[in-house]
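Let me begin by presenting the structure, written as structure tokens, before commenting on it.
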Amino acid sequence: MVNIVAGWVNRHQQAVIDYLSEERQILIEQLGGRPKAFNNSQRIRLARKAKKLGRRALFAISPIVTPDTLLRWYRNLVAAKWTFKSGRKKGRPRVDQEVEKLVLRMLQENPQWGSDRIVGALANLGIQITDTTVDNIRKRNGFEPAPLRKLKTNWDTFLKAHWEGLLAADFFTTEVLCLTGMVRFYTLFVIDLSTRHVTICGTSVSPDGQWMKHVARCLTDAFDGICLGKTHLIIDRDTKFTEAFKQLLKNFGVDPVLCPVRAPKCNAYAERFVRSIKYECLNRIIPLGEGHLELAIRNYIEHYNAERNHQGIENQLIKPEILSREGDIISKKRLGGLLKYYYREAA
């Protein structure tokens, strides 16, 4: 009796399997082929069921996925259970940002120092890194090695080393409405970098060689020349700065320093003054003749040197006067109120 029941159960299970296999085949035909992909949840479910059936049973029912694939999914499932993520990251740990900033500071401030010297200096501060790490930081930030780096004085180092003796010169142009029409005038100025004091050297329609030689003689006058006590004059490569002009400066002991090609930032202080006089004055008036232009420039320079605060010198005046802290507030106006200066009237 038991054998009869067992045989019936087996035949019934086989009928169910046959039905499900046929249904699966019909669904595949309706879908137009095998499903393209399973998500991870579906793979896990199939892998667990497949393990219970075994390879032979899987071949008997012809699953959508091959028996080998189903069993491989199961092995991956088991491996994932016993795989623990490591807290360690691959590769060498990155240098602390503060340490890297300190290395870059030492590279900038000490162009003659090599990697070993920097390693020693850092060790004095209790920071331990290798010379290879210093080299990697140097290369990553575009610094040359010490033998080459010390031969190249960067612009910031040059300025700081010669600050008190530096002047800078440049031209700015202004379109002036004259009787003959619009005429372009060239104005040459010199700025003392340490104080920001500006001197106008002159204005000309055609600043030729003779005009420039006259300017050079004024700059190097033994009694009141602007170049007294100065060592360098920063200029660009404009051809208006003639060789005769440069030679007169050299004879006086002032070395002309030429800015690199297409590097206006190297004469940034002069460029900033041009922006100021244009924005605050010349772009807001219509110069009617050379005399009117010179009047406007003269008034602006007096305002700039004595009445205008400058952020580059801690928002102070270039030539501060001893002013009263009490009394009525007076507004001093230049160019019809275009330029204003407020002060207290002395009691």
Quick calc: nm separation of the 7 Å Cα→Cβ label points for Q311 and A244 -> 4.2
Please give the length that would be gained between N124 and R217 if that part of the chain were fully extended, namely 0.36 nm times their separation in residues minus their C-alpha to C-alpha distance (nm, one decimal). 28.1 nm
Most exposed first by the Cβ proxy, i.e. fewest other Cβ within 10 Å, how do L339, L249 rank? L339, L249
What shape does region 161-317 have by the C-alpha gyration tensor, where a ≥ b ≥ c are the square roots of the eigenvalues, rounded means a/c under 1.5, and otherwise prolate means a/b greater than b/c and oblate the rest? oblate
Please go through the residue pairs K278/K332; K240/K265; K278/K333; K230/K265 and name each one whose alpha carbons sit more than 27 Å apart in this structure. none
With a cut-off of 16 Å, note down the residues of region 282-300 whose backbone N falls inside the zone around a label point 7 Å from the Cα of Y341 toward its beta carbon. 296-300
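Since every read-out is calculated from the coordinates, none of them should be taken as a lab result. Predicted model, so just to flag it, every value in this text is computed and none were measured. Every residue, glycine as well, gets a Cβ built from its backbone with ideal geometry; the counts of neighbours run over all protein chains shown.
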